[in-house]
Every structure is written in C-alpha cells, then in structure tokens.
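Q: Here's a structure for you.
No lab work stands behind these numbers, since they all come straight from the coordinates. Because the structure is predicted, anything quoted here is derived from the model rather than measured. Don't worry about glycine lacking a Cβ; one is built from the backbone with ideal geometry, like all the others, and counts go over all protein chains shown.
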Ligand code: G3P
Ligand code: MG
C-alpha cells in the first residue's frame, strides 16, 4: 500500500452548509456550519427565470421546498414564497437564499466559499458572469473557489482568465485526472469519495493542484482521507469532522 502524504492539514468544508442538522443550502445551515467550526462552505447555485442567482441543489423544487417544477421557470418573487425547511423541525418559513443574501451573511466570516455552478443539466445562459459579478461586488475573490461538473464551463472560465481557482468535479475514477485538470486550467480536483485515490492526491500535489473530496460523512472516512493528505473534506457533518480532525 502506497504511503499517504504527510504535512497537509485537511480543512472541513460544510456540504450545502451543515446539512446534516439544518435544511440544506439555507442561511441557518450556513450559520450553523460556521458555528461548528467549518473552514469552508460548499453550496450550489442556479438561475431564476428573471436571472437572479439562487442557492439550491436540485434543478427542481419538489425535494427541498413545498413548490413544484423547475427553478428556472420561477421568478425570484415566486421562489421567495416557498418554504425550504424540507421537513426539518424548527426551521419552518426558511426560504431559498439568493447568492447575495449568502454573501451578505458570510462577508465578515473567515471561511472559504466553494460556489458549485449547477450548470451541467441546464446550461444557464450567463450564470457564470452573474456569479462573478456578485463575487466582485462583495470583494470575495480571495476566498472563492468555483467548481462544476460541466468542464466546458470551467474551460471557458479558464480561457477567459477568470483569475479564481477552479475545481473539477467528478464522480467516477478518471485516468490521470491531474493531467486533465492542469490542461483544463483548473487548480483543484473535486472527486467523490469513491473516486479518490492515494495516487491522485500525490500526483495532484506534485502538479500544484488541491484535492477536495465529497461527501465524507463517516468518521472513519474522515480519518482515511485526512491520512491521505486531501486538502479539504466536504461533509454534511462539520461538527463531527472538526472533532475527528482536531483529535489527530
Ligand atoms: O461540490 C461537491 C458536491 O456537492 C457535488 O455533488 O450533487 O452534492 O452537488 P452534489
Ligand atoms: Mg454541490
């Protein structure tokens, strides 16, 4: 068995906020993640019919709200009438946040911001530009990493000289993904836990890339990826991850 990297202190990024304890991708989930000691927040963005950037994972509303249909078919006003508590007790009335609301919440918090562009199923026209405009409006460039499963979108951003770190999301093991990421102009790999290999972490670091792994929810997996030297683990349970990593 190949030895793992030494010397990397793995960070904790909260997946959709502290989504194990609060409704995913809502302001209370992000506040809780910060309280629980997360170093970063991961969240998903989509566009409304009237071109507002909103923080929600699915392209459709059914799973996480009391609404129906496509996010893209609703105006922001429509979406703000919905309850996004998704059955979590004590969170009734919580709404889908806009990216602007989330940035306002975290403006003075010391956390990294992983904006996942949800543009691989619906190629939202102009979403990247709107997200970047908000990042600049809030002066958050130094804290943001953009990621996407749509690698054409990432390539477009790299070619345009976006000047922010880009993370290549993937679910299944790839052949020499570090070479692919370098060629794409990205600065990080974002593999699923199942697609994460020791060799990938080693080669990525040799090539100046970060490796940020999702979704790591079990204590023993947290130990294992930290031992492997991943830069961040993305988890629904930042409090657990904090205690596991701080005890190492
Ligand atoms: O960004 C990591 C992870 O969130 C990617 O998958 O479906 O949870 O957005 P998903
Ligand atoms: Mg995500």
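Q: Classify the chain as rounded, prolate or oblate from the Cα gyration tensor: take a ≥ b ≥ c as the square roots of its eigenvalues, call it rounded if a/c is under 1.5, otherwise prolate when a/b beats b/c and oblate if not.
A: Working: a/c = 1.86, a/b = 1.32, b/c = 1.42.
It comes out oblate by the Cα gyration axes.
Q: Using r as the Cβ-Cβ distance of residue 49 and residue 194, and R0 as 41 Å, what FRET efficiency do you calculate, to the nearest 0.05?
A: For residue 49 and residue 194, the calculated efficiency is 0.70.
Q: For the range 66-106 and the range 116-168, compute the distance between their C-alpha centroids and round to whole Å.
A: A separation of 22 Å, based on Cα centres.
Q: Quick one: 10, 215, 200, fewest Cβ neighbours within 10 Å first, how do they rank?
A: In increasing order of surrounding Cβ atoms, one gets 215, 200, 10.
Q: Modelling each spin label as a point 7 Å along the Cα-to-Cβ direction, I'd like the residue 92/residue 219 distance in nm, to one decimal.
A: Calculated label separation equals 3.5 nm.
Q: Return, ordered by residue number, the residues of the range 115-145 whose backbone nitrogen is under 17 Å from a label point located 7 Å along Cα→Cβ of residue 63.
A: Taking a point 7 Å out along Cα→Cβ of residue 63, the residues of the range 115-145 whose backbone N falls under 17 Å are 116-122.
Q: So if R0 is 35 Å, what FRET efficiency would residue 248 and residue 109 give, r being the distance between their Cβ atoms, rounded to the nearest 0.05?
A: Computed FRET efficiency for residue 248 and residue 109 comes out at 0.90.
Q: I need 80, 183, 118 ordered by Cβ neighbour count within 10 Å, fewest first.
A: Values: 80 16, 183 10, 118 23.
By the 10 Å Cβ count, ascending, the order reads 183, 80, 118.
Q: Using 1/(1 + (r/R0)^6) with R0 = 41 angstrom and r between the beta carbons of residue 78 and residue 172, what's the FRET efficiency to the nearest 0.05?
A: Computed FRET efficiency for residue 78 and residue 172 comes out at 0.70.
Q: Using the 10 angstrom Cβ neighbour count as an exposure proxy, how do 225, 131, 55 rank, fewest first?
A: 131, 225, 55
Q: Run lengths n ≥ 4 of DSSP H only: what is the helix-derived mean residue ellipticity at 222 nm for the chain, with -39500 (n - 2.57) per run over all residues, to the nearest 500? Write down the numbers at each step before the final one.
A: Numbers: 9 runs with 77 residues, N = 248.
Mean residue ellipticity, 222 nm, calculated: -8500 deg cm²/dmol.
Q: Okay, next question. Compare 167, 126, 17 in a GNM of the chain, Cα atoms joined below 10 Å, and give the one with the largest fluctuation.
A: In the Gaussian network model the winner is 126.
Q: To continue, here is another question. With a cut-off of 8 Å between alpha carbons and a minimum separation of six or more residues, what is the relative contact order of the chain in percent?
A: RCO, the chain: 23 percent.
Q: Mind telling me which of 202, 31, 142 comes out most flexible in a GNM of the chain, alpha-carbon contacts under 10 Å?
A: 142
Q: Going by the alpha-carbon gyration tensor, a ≥ b ≥ c the square roots of its eigenvalues, is the range 142-211 rounded (a/c under 1.5) or, if a/c is not under 1.5, prolate (a/b greater than b/c) versus oblate?
A: prolate
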